[in-house]
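Here's the structure, in structure tokens; my notes come after.
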């Protein structure tokens, strides 16, 4: 065995793959094959379906752009798509802007021994059932809800405020809450990596605390901010629970339509088309965003 | 005090984060059936009610079965990928690892829809617990890889080489040297995957068969105002269970980091 191990290396020298490479490929293959069969192939099936059409109970397998034509011409689809992208964008901005100071606080002001505790505190709420968290926001924001009864009882308002439930605002608040840890953690990790002596150097060279933040800290934290932005923006478009529970008719998003097409209207090709379009839109916006920020990513 | 305004903001933000979580047990023990203040007094009636709902017990067992199988599969697939990526260099490593981690950022509805199309439309198979497991394994594996990678990363490669030099086979060295060293990471990633699968709704709703999972059952109950207090009680129990599981997972994760001699960087992800 001992000798065999060395011999393999010698024999393999004129082989394009080294022993290490072959072992690595063999080891990763179960996971890679799983992803290939259960993600790549199904995604390809969705794209194929989007070019087919539903003909009552059967599927017409002639390739056509009919679904795409319908998706672009019927105002209901374009309204939902534009609204979804706007809501996702606003949620992303709100979540990242609210989360940054927290990540900054934990990284720069919390005693190193207690940082893990703060991170733990931040992640705990997210192990409550996701459905119930969304539902509880409905309870908080409702006409007779926690927020309104609280504000009424301390006399801040005279009658219940209604602009915070069953519309896009409610969707933004709820999603900003749902994605909080996913934004705080990457920004925190980026801030932790910053060499503190750089900040001292900046101040020694005459920058104020304020300008140091904008000229040194923020640019160095940008990789974390970019990661956080993508981690929020991309999945948000696929959420149909929050719009359904707190969005009301004007807060519904494209995912609700995808769900309806698949599960209620039994029109898988149209659902597939909308899914493909949503994916393309999100990917395109993400790529433009990363491209615009490319100088921070080296 | 350091931080000043930032500290006040941080506390306010924590209140925002904990607001729904605090309300959950509050309404679970509330006598009234309406979800509003003022509270109507203390009761454990809703918890007692839970014991008598048979549909719920079925959903719970179904969810636990799915979560256990999902976590086992994810950990096995995770070990393969984490070990391969930390120990070996091979061609197309970055794109392969990238593809495996994609479900982490892919909208869940896309995973759900694509599996639904393949199972129902292409193969015309019935939906069952196994279709949910297929979807959950896809989204849990990246989490398992993230946790396991940090366990494998810190390993001293000379330990394994020493074992091989002393006559162990590769598999023997892996089993008797590497596996014990990364076992805390394995336990931690198993528990995290279990918890994620148990709580996952978006994929389960599309792929579940005749027997609902626990979140799908909860979704069906949210429409009925009279059922809400019992759902709150159920949510409270699930929260307590998750916290216990996560505390155990965190304990094992830290032990794992300590075992390979690393420095604790705190928290999952």
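Annotations
- Residue count for segment B:214-235, restricted to those that are touching a residue at least 24 places away in the same chain (Cβ under 8 Å) and more than 13 Å from residue A:131 (Cα to Cα): 5
- Pair list, Cβ under 8 Å, 6 or more apart: segment A:28-40 residue more than 7 Å from chain B (Cβ to nearest Cβ), other residue crowded, with 19+ Cβ neighbours inside 10 Å and modelled with pLDDT of 90 or more: A:29/B:80
- Inter-residue pairs, beta-carbon under 8 Å, first touching a residue at least 12 places away in the same chain (Cβ under 8 Å) and in segment A:41-62, second buried (at least 18 other Cβ atoms within 10 Å of the Cβ) and in a strand (DSSP E or B), 6+ apart: A:59/A:53
- Test: residue in segment B:222-233 that is more than 8 Å from chain A (Cβ to nearest Cβ), closer than 24 Å to residue A:243 by Cβ and either modelled with pLDDT of 90 or more or not in a helix (DSSP H, G or I) (or both): yes
- Breaking point among (1) more than 9 Å from chain B (Cβ to nearest Cβ); (2) touching a helix residue (DSSP H, G or I) at 6+ places or on another chain (Cβ under 7 Å); (3) modelled with pLDDT under 90; (4) part of a helix (DSSP H, G or I), for residue A:183: (3)
- Each residue in segment A:260-278 was checked for being surrounded by fewer than 21 Cβ atoms within 10 Å (Cβ to Cβ) and within 11 Å of chain B (Cβ to nearest Cβ), and 2 of them qualify.
- Residue ID - farthest from the chain's Cα centre (by Cα), chosen from residues in segment B:120-150 that are touching a residue at least 24 places away in the same chain (Cβ under 8 Å) and within 9 Å of chain A (Cβ to nearest Cβ): B:134
- Only a single item in (1) within 13 Å of chain B (Cβ to nearest Cβ); (2) free of Cβ contacts under 8 Å to residues at least 60 places away in the same chain is not met by residue A:199, and it is number (1).
- Residue that is crowded, with 20+ Cβ neighbours inside 10 Å and closer than 25 Å to residue A:231 by Cα, where the choices are A:141, A:121, A:132: A:132
- Of all residues in segment B:1-31 being under 26 Å from the mean Cα position of the chain (by Cα) and in contact (Cβ under 8 Å) with a residue 12 or more places away in the chain, the one that is nearest to the other protein chains (Cβ to nearest Cβ): B:21
- For segment A:41-85, a residue qualifies if it is in contact with a helix residue (DSSP H, G or I) (Cβ under 8 Å, 6 or more places away or on another chain) and part of a loop (DSSP other than H, G, I, E, B), and the qualifying residues are A:51, A:52.
- Total residues in segment A:149-173 satisfying the condition of being more than 9 Å from every other protein chain (Cβ to nearest Cβ) and in a helix (DSSP H, G or I): the figure is 8.
- Condition check for residue A:64: more than 11 Å from chain B (Cβ to nearest Cβ), in contact with a strand residue (DSSP E or B) (Cβ under 8 Å, 6 or more places away or on another chain) and loosely packed, with under 15 Cβ neighbours inside 10 Å: yes
- Residues in segment B:34-48 that are surrounded by 12 or more Cβ atoms within 10 Å (Cβ to Cβ) and either in contact with a strand residue (DSSP E or B) (Cβ under 9 Å, 6 or more places away or on another chain) or modelled with pLDDT of 85 or more (or both): B:39, B:40, B:43, B:46, B:47.
- Selection within segment B:75-85 - in contact (Cβ under 8 Å) with a residue 12 or more places away in the chain and at the interface with another protein chain (Cβ under 10 Å from one of its Cβ atoms): B:77, B:78, B:79, B:81, B:82, B:83, B:85
- Residue within segment A:89-111 that is modelled with pLDDT under 90, part of a helix (DSSP H, G or I) and either farther than 19 Å from residue A:224 by Cβ or away from chain B (no Cβ under 13 Å) (or both) present: no
The values are calculated or read from the model by the stated rules, or taken from the named source; none is laboratory data. In this text, all values refer to a predicted model and were calculated from it rather than measured experimentally. For neighbour counting, all protein chains shown are included, and Cβ atoms are generated from backbone atoms with ideal geometry for every residue, glycine included.
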